[in-house]
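Since every read-out is calculated from the coordinates, none of them should be taken as a lab result. Everything quoted here is computed from the prediction, not taken from an experiment. No Cβ is skipped: glycine too gets one built from the backbone with ideal geometry, and neighbour counts run over all protein chains shown.
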Amino acid sequence: MIIEQVVLAHFQYIERVAAFLEGSGPEPELSSPEACTMGEWLKEHPNPEMAEPHARFHEILARAVEAKKAGREDEARSLLDQAYPLYSQLERMLFD
């Protein structure tokens, strides 16, 4: 697995969540940090500095989906807004 695939998979993941929150996409299938492409990559290329922001990225997006399902639109959007900087941070860490 190459780094570009890992980054693209997470970009697509956050965009699926965003589409769901905006009402233009189906409820996304959520994955755990260990089972996603980055989690698989991290098993082969351990990086302790990435573990916490990666886990937080998944946790925040799962909370955003739950907030949307519960009708808490503002909370869902706020959580999504927190996920984008985490995505950028992870992307930088992968390419540095």
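Of everything listed in (1) in contact with a Gly (Cβ under 9 Å, 6 or more places away or on another chain); (2) within 19 Å of residue 91 (Cβ to Cβ), the single unmet condition for residue 32 is (2).
Residue 31 satisfies every condition listed in (1) of a type in the set (Gly, Ala, Ser); (2) outside any helix (DSSP H, G or I); (3) touching a Leu at 6+ places or on another chain (Cβ under 6 Å) except (3).
Checked against (1) touching a Gly at 6+ places or on another chain (Cβ under 9 Å); (2) over 18 Å from residue 72 (Cα atoms), residue 43 passes all but condition (1). Against the test of being without any contact (Cβ under 8 Å) to a residue 24 or more places away in the chain, within 19 Å of residue 5 (Cβ to Cβ) and part of a helix (DSSP H, G or I), the options 42, 90, 79, 94 yield a single qualifying residue, 42.
Scanning region 61-90 for residues that are surrounded by 19 or more Cβ atoms within 10 Å (Cβ to Cβ) and of a type in the set (A, V, I, L, M) turns up 61, 64, 65, 67, 76, 79, 80, 83, 86, 90.
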